[in-house]
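Here's the structure we're looking at; comments come further down.
The values are calculated or read from the model by the stated rules, or taken from the named source; none is laboratory data. A quick note: this is a predicted structure, and the numbers were derived from the prediction, not measured. Here the Cβ is made from the backbone with ideal geometry for all residues, glycine too, and neighbour counts use every protein chain on show.
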């Protein structure tokens, strides 16, 4: 286990390096420098500025400086927002994204697993059809269609919720975005949980448990739940990655001041350093999440021996 | 003597076989019949074909252009009068034509990015599967890496840096859509490689190239077709997300994602501007998913 964990941790390093390097080179290949503005800067000032930001050095040295500052947790300065570093912008936006994204992921695990259990135990019941329906809707209607529909229903017709925006973690502004993200994730988790629990319930050791006369609750919660949860754990990694995508869309739909909005605005303003910094940050988060899920999987599943 | 006897026997068998009513059933014919029996998939195919035809020929037949403003009809609700069947947007442009033109772009991006990513995926997966060993490990590690990366963000970065030309959007989407195919093709290649009939073919001295083209490729084809149909909706969806975020094709050119984004801004007063492109995209995705399911059932009989 420990050697597997060690190797798995080591494997994340080339991934991160690859992403950072490719992004950095792409950024470097675009024409125009940070000080090419309409206002002409005198040559001496330009030289000083370039020396300060190491822009006068060869590319590989600049790259090493960039890696060094990344290791120190410094994502650089924003191209467009004067006097703002990427770190400052992230510090403002991250809590919003964490609250919405993390909160809805937790919520959807509980709700999705719960619905999946009920659907598997009562096949062809209303809950079962509901889970299948949510699954179908979630896969056919993209978040940027469901989101506006939610706004239309709850904000415009029923007037029970604000249509978007953010007011310092006030719950009413968080409900719709979280509902949207949770809905999308439930469609995956619910389906996976339903399928895997049905499979487990059909296996031999459950038949034995039934033959012994164990009550259904014991069979489900003591014997079936753990093996049935394994596929759910294994989809959590990809799900977290796709949640990042849907979170970007969600923040855009509800105009939330989170990381997604920041990166979309940065892209629209061609704020190269901001976009690069955010991509690096989120990639690190995603890779670490994937790592944790893989380790959890190895820890939970005794069949896996590395 | 012996040889002539064998020859006679072979001729007798051949004569008998040719005397039987010929009813060869190729696996492809089987698959086609299974697919045609699947009502949902066939209906989806017809609807998707209609949408595609409408997107290709509709703009030529309708009297309005996708970029001209009708000053007398801004934000007009759907009407049978003056030919604005889907109404107009807030700039007075005919929504039906815009939906169809947007569909052209979305479907075209879908088609091109699918072809490109499927090609890369097949070559990558087949190479890894055939060569095996260290090359295989390395190539599949790269696929794993690509999976771990939040692709939308890298796509945003690429679009920011490279620009928003049509072919760059296709390229950006392709870069993150080939891995599923590569994985599947590699797995299939590995399993085919170790099958007895390949061993038999080798034992009787069939050349490597004919083993590949007569025995391996036809067996890969089924799974390639399945995953191609599965790739299409994913690619169209990615294009729509990029367009929705304002990072796809640029005005006055449009795509379904752009139209949905436009509609979202004004849905309170003129909901149809959101409704029509959203419906067209959803129907397309839904149909593509059903066709994918139908293909899977038709071509992978074990899976039923």
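Among the numbered criteria (1) at the interface with another protein chain (Cβ under 8 Å from one of its Cβ atoms); (2) modelled with pLDDT under 80; (3) more than 23 Å from residue B:167 (Cβ to Cβ), which single criterion is violated by residue B:282?
Here residue B:282 meets the rest and fails (2).
Tally time: how many residues in the stretch B:160-174 are surrounded by fewer than 22 Cβ atoms within 10 Å (Cβ to Cβ) and modelled with pLDDT under 85?
Matching residues across the stretch B:160-174 total 8.
Counting residues that are at pLDDT below 75, away from chain B (no Cβ under 14 Å) and exposed (fewer than 15 other Cβ atoms within 10 Å of the Cβ), which helices (runs of 4 or more DSSP H) fully inside the stretch A:1-93 reach at least 1?
Here the list reads A:43-52.
For residue B:133, which of the numbered conditions (1) in contact (Cβ under 8 Å) with a residue 60 or more places away in the chain; (2) surrounded by fewer than 18 Cβ atoms within 10 Å (Cβ to Cβ) fails to hold?
(1)
Identify all residues within the stretch A:215-258 that are over 29 Å from residue A:301 (Cβ atoms), in a helix (DSSP H, G or I) and more than 9 Å from chain B (Cβ to nearest Cβ); write none if there are none.
We begin by selecting, within the stretch A:215-258, every residue over 29 Å from residue A:301 (Cβ atoms); these are A:248-258.
With in a helix (DSSP H, G or I) added as a condition, the list becomes A:248-253.
If the condition is that a residue be over 29 Å from residue A:301 (Cβ atoms), in a helix (DSSP H, G or I) and more than 9 Å from chain B (Cβ to nearest Cβ), then A:250, A:251 are the ones that fit.
Of everything in the stretch A:259-277, what is closer than 15 Å to residue A:70 by Cβ and more than 7 Å from chain B (Cβ to nearest Cβ)? Give them in sequence order.
A:273, A:274, A:277
Six or more apart or on different chains, Cβ under 7 Å: which pairs go from a residue in the stretch A:282-306 that's over 15 Å from residue B:144 (Cβ atoms) to one that's modelled with pLDDT of 80 or more and surrounded by fewer than 18 Cβ atoms within 10 Å (Cβ to Cβ)? Could you list them?
A:296/A:233; A:300/A:230; A:300/A:233; A:301/A:230
Working carefully through the options B:118, B:149, find the one that is surrounded by 15 or more Cβ atoms within 10 Å (Cβ to Cβ), touching a helix residue (DSSP H, G or I) at 6+ places or on another chain (Cβ under 9 Å) and within 11 Å of another protein chain (Cβ to nearest Cβ).
B:149
Identify, please: which residue in the stretch B:259-279 is without any contact (Cβ under 8 Å) to a residue 60 or more places away in the chain and within 23 Å of the chain's Cα centre (by Cα) and is, among those, farthest from the other protein chains (Cβ to nearest Cβ)?
B:279
Identify, by number, the condition in (1) out of contact with any helix residue (DSSP H, G or I) (no Cβ under 8 Å at 6 or more places or on another chain); (2) closer than 27 Å to residue A:67 by Cα that residue A:202 doesn't meet.
Answer for residue A:202: the failing condition is (2).
Consider the stretch B:42-78. How many of its residues are surrounded by 13 or more Cβ atoms within 10 Å (Cβ to Cβ) and either on the phi > 0 side of the Ramachandran plot or at pLDDT 80 or above (or both)?
The total comes to 12.
Within the group B:154, B:192, which residue is farther than 19 Å from residue A:248 by Cβ and free of Cβ contacts under 8 Å to residues at least 40 places away in the same chain?
B:192
Any residue that is in contact with a helix residue (DSSP H, G or I) (Cβ under 9 Å, 6 or more places away or on another chain) and part of a loop (DSSP other than H, G, I, E, B) - is there at least one of those in the stretch A:171-184?
Looking for residues that are in contact with a helix residue (DSSP H, G or I) (Cβ under 9 Å, 6 or more places away or on another chain) and part of a loop (DSSP other than H, G, I, E, B), one finds none in the stretch A:171-184, hence no.
Take residue A:209 and tell me if it is surrounded by fewer than 16 Cβ atoms within 10 Å (Cβ to Cβ) and assigned to a helix (DSSP H, G or I).
When the stated conditions are applied, residue A:209 does not pass them.
Is at least one residue of the stretch B:175-188 surrounded by 15 or more Cβ atoms within 10 Å (Cβ to Cβ), more than 30 Å from residue A:283 (Cα to Cα) and touching a helix residue (DSSP H, G or I) at 6+ places or on another chain (Cβ under 9 Å)?
Within the stretch B:175-188, one or more residues are surrounded by 15 or more Cβ atoms within 10 Å (Cβ to Cβ), more than 30 Å from residue A:283 (Cα to Cα) and touching a helix residue (DSSP H, G or I) at 6+ places or on another chain (Cβ under 9 Å).
Looking at the stretch B:244-258, which of the residues that are away from chain A (no Cβ under 14 Å) and modelled with pLDDT under 80 is nearest to residue B:184 (Cα to Cα)? If you could, list the steps in order and put the result at the bottom.
From the stretch B:244-258, those away from chain A (no Cβ under 14 Å) are B:249, B:252-254; that's our starting set.
Subset that is modelled with pLDDT under 80: B:249, B:252-253.
Numbers: B:249: 31, B:252: 39, B:253: 36 Å.
My answer is B:249.
What tally of residues in the stretch A:124-141 results from selecting those that are crowded, with 17+ Cβ neighbours inside 10 Å and without any contact (Cβ under 8 Å) to a residue 60 or more places away in the chain?
7
Residues to consider are B:230, B:224, B:241; find the one that is touching a residue at least 24 places away in the same chain (Cβ under 8 Å), farther than 30 Å from residue A:259 by Cα and within 14 Å of chain A (Cβ to nearest Cβ). Step through it out loud before you land on a result.
Numbers: B:224 fails: within 14 Å of chain A (Cβ to nearest Cβ); B:241 fails: farther than 30 Å from residue A:259 by Cα.
Going through B:230, B:224, B:241 in turn, just one is touching a residue at least 24 places away in the same chain (Cβ under 8 Å), farther than 30 Å from residue A:259 by Cα and within 14 Å of chain A (Cβ to nearest Cβ): B:230.
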